[in-house]
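The block underneath contains the structure these notes are about, expressed in structure tokens.
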Amino acid sequence: MNVMNVPRCFSAQILVHVGFLTEESGDVFSPKVLKGGPLGEMVQWADILTALHVLGHNLKISMSVKELHGFLGVPPGRGSCPLTGPLPFDLIYTDYHGLQQMKQHMGLSLKKHKCHIRVIDTFGTEPAYNHEEYATLHGYRTNWGYWNLNARQYMTMFPHTPDNSFMGFVSEELNETEKRNIQQNKVNNMAVVYGKEASMWKGKEGFLQILHRYMEVHGTVYYETQRPPEVPAYVKNHGLLPQHELQQLLRKAKLFIGFGFPYEGPAPLEAIANGCIFLQPKFQPPRSSLNHEFFRGKPTSRGVSSQHPYAEQYIGRPHVMTVDYNNSQEFDTAIREIMRTKVEPYLPYEYTCEGMLERVHAYIQNQDFCVPEPPFPLGNLSKPLASSMSPGPLFVPLPNTTALGWAANVTPPPVWPPVSSLRLLASQEGQSCIETCQSARLVCEPAHFRFINNKEALRGLDVQCEALDSESNHVLPAFSVARRECSLQQDPLLFSCAGHSPRYRRLCPCRDFRRGQVALCRECL
């Protein structure tokens, strides 16, 4: 898709309210921008604004509560009165800070209009944390979740959980000439450290000494007057570099090495796109909100297996190596392997300009959370399911797989993603639908849960149910083989790809995906 020929099916009125940069949220990012602070969120917001503009939508940008008031048409007074007129926007992109500000200043109107909101959410929000009553009753309540949105309204930086929509960002894509020049000019024994703040270097002397045996080590650590003592003397520290100078450094280096923090930033993708191999630490056990301070309070129980799980899982060797930094022999072996491995610059399609435009365009044209989804007829427990919709089964075995697909003789409802992409699988006990679908080289699709939340799906999987009930639980629909009990989901807000339980095998709605574009199925465009 050429950027100049981007389809413009629907030109939306869009408000972009960057809540975390407002003075009212205690903006902690802006003062650190020139001092080595995190830039990942800034990168993503800049690319979202650019994508929406290139796609031809009409934008208003708000970075203060006063601007938010004016754009929304909030009545004068204390700021919690409902809006008196219609919402002047088709979509509102904001973040958790902005969502809280909108709640304070829109009053009851927020509930009426929240279907228009898209929340830019770095780490993701799982349905169990998003459902306010369920989260409060079952110990999932945090400072961030509990907004009772459709979980696909949360838009993440990486495809953390398919429960949310993957928004992403853009890394610079090189042309063939630039790629050839990079490969010719690579310095085989040059490493650049991923760590702009001096505190990130503390306690890293052991494996840095091993690295120094083989490679010239470069850093980009911020300092004002004196070189930080945490950075060893043998490291050539360039200080904080402007983006184009950092690019030049990465184009020379063979290795870009992570220290374990920051988690899941854009820099490793930029390094890989510039022909570096990214080396990162493996976390054993995985870090999560259950065992690690950084993730505590975040509305997800996702386990992070390395500094950059996307790079580990979706890119992998030879561009990405994930090793145990506490094992000096394993680390030493990895460095020697990196020095003799040749790689080409690589950027996943979904992080190219074209890939992001394609994805954002598909979301805007097809995701509509303001129109209530009609209840799927097969969800009615009292009807004989097979006869209520079709003369034959709803789900049929697919060739060369254990998955079931939608029967060709049953007309699917007009939904997006199309039901033709649905692949029904049963998980193992204790396994999430994310893992189940991944093991079949598929992706869990939360929009399809409502089509498998019925007896017909259980029947298609040959599940024997002596008892069938429905309740509100984020691991349903599911069944217990030992007890021959089956349970369907009562609350659509709790449909969850991420949920898992040792008691249950889950019914999982998987789908195919486009090469290099995990957010979209093959027939989604």
Checklist outcome for this item: Inter-part gap, Cα centre of the range 129-151 to Cα centre of the range 400-445, in whole angstrom, is 26 Å
Item to check | 5 angstrom amide H check on PHE166, placed H, neighbours 5+ away | outcome: THR156
Checklist entry - For the range 129-135, in order, what is each residue's ³J(HN,Hα) by Karplus, 6.51 cos²θ - 1.76 cosθ + 1.60 with θ = phi - 60°, in whole Hz (x at glycine and Pro)? => result 8, 7, 7, 4, 5, 5, 4
Item to check | Amide H contacts under 5 Å for TYR325, placed H, 5+ residues apart | outcome: LYS282
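Under the Kirkwood approximation applied to all pairs of distinct alpha-carbon atoms, what is the hydrodynamic radius of the range 290-440 in Å?
Computed over the range 290-440, the radius equals 20.8 Å.
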Next on the checklist: Apply the Karplus curve 6.51 cos²θ - 1.76 cosθ + 1.60, θ = phi - 60°, to the phi angles in the range 407-413 and return the couplings in whole Hz, x for Gly and Pro.
Outcome noted: 5, 5, 8, 10, 5, x, x
Checklist outcome for this item: For the range 158-314 (alpha-carbon point model, no solvent) the Debye-based log₁₀ I(q)/I(0) at q = 0.14, 0.18 Å⁻¹ works out to -0.78, -1.19
Checklist entry - Computed over the Cα atoms, what is the radius of gyration of the chain divided by 2.2 N^0.38 Å, N being its residue count? => result 1.03
Checklist entry - Taking a 1.4 Å probe, which of ASP121, ASP47 shows the most accessible area, and what order do the others take after it? => result ASP47, ASP121
Item to check | Amide H contacts under 5 Å for SER470, placed H, 5+ residues apart | outcome: LEU488
Checklist entry - Accessible surface of LYS252 in the full protein assembly, 1.4 angstrom probe, to the nearest 10 Å²? => result 110 Å²
Item to check | Exposure rank, largest accessible area first [LYS455, LYS111, LYS342; 1.4 Å] | outcome: LYS342, LYS111, LYS455
Next on the checklist: What do you get for the angle between helix 328-339 and the principal long axis of the chain? Use alpha-carbon atoms, 0 to 90 degrees, nearest ten.
Outcome noted: 80 degrees
Checklist entry - When only the heavy atoms of the protein chains count and the probe is 1.4 Å, how do GLU312, GLU293, GLU456, GLU205 rank by accessible area, highest first? => result GLU293, GLU205, GLU312, GLU456
Checklist outcome for this item: Helix 96-106: inclination vs the chain longest Cα principal axis, degrees, rounded to 10, gives 50 degrees
Checklist outcome for this item: Under the helix-only model (-39500 (n - 2.57) for each DSSP H run of 4 or more, divided by the residues of the chain), the mean residue ellipticity at 222 nm, to 500 deg cm²/dmol, is -7000 deg cm²/dmol
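Give the carbon-plus-sulfur fraction of the accessible surface of the chain in %, rounded to a whole number; probe 1.4 Å, heavy atoms of protein chains only. Kindly include the intermediate steps, with their values, before the conclusion.
Details: 12200 of 23730 Å².
Carbon-and-sulfur percentage of accessible area, whole number: 51.
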Checklist entry - Each residue of the range 202-212 in order: what ³J(HN,Hα) in whole Hz does its phi give by Karplus 6.51 cos²θ - 1.76 cosθ + 1.60, θ = phi - 60°, with x for Gly and Pro? => result 5, x, 9, 4, x, 6, 5, 4, 5, 4, 5
Item to check | Surface per residue (accessible, 1.4 Å probe) for the chain, Å² | outcome: 45 Å²
Checklist entry - Does the range 186-261 come out rounded, prolate or oblate, given a ≥ b ≥ c as the square roots of the eigenvalues of its C-alpha gyration tensor, rounded meaning a/c under 1.5 and, failing that, prolate meaning a/b above b/c? => result oblate
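The values are calculated or read from the model by the stated rules, or taken from the named source; none is laboratory data. All values derive from a computational prediction rather than experimental measurement. Note: accessible area is taken over every heavy atom of the protein model, side chains too, but ligands, DNA and RNA are not part of it. Shrake-Rupley method; radii C 1.70, N 1.55, O 1.52, S 1.80 Å.
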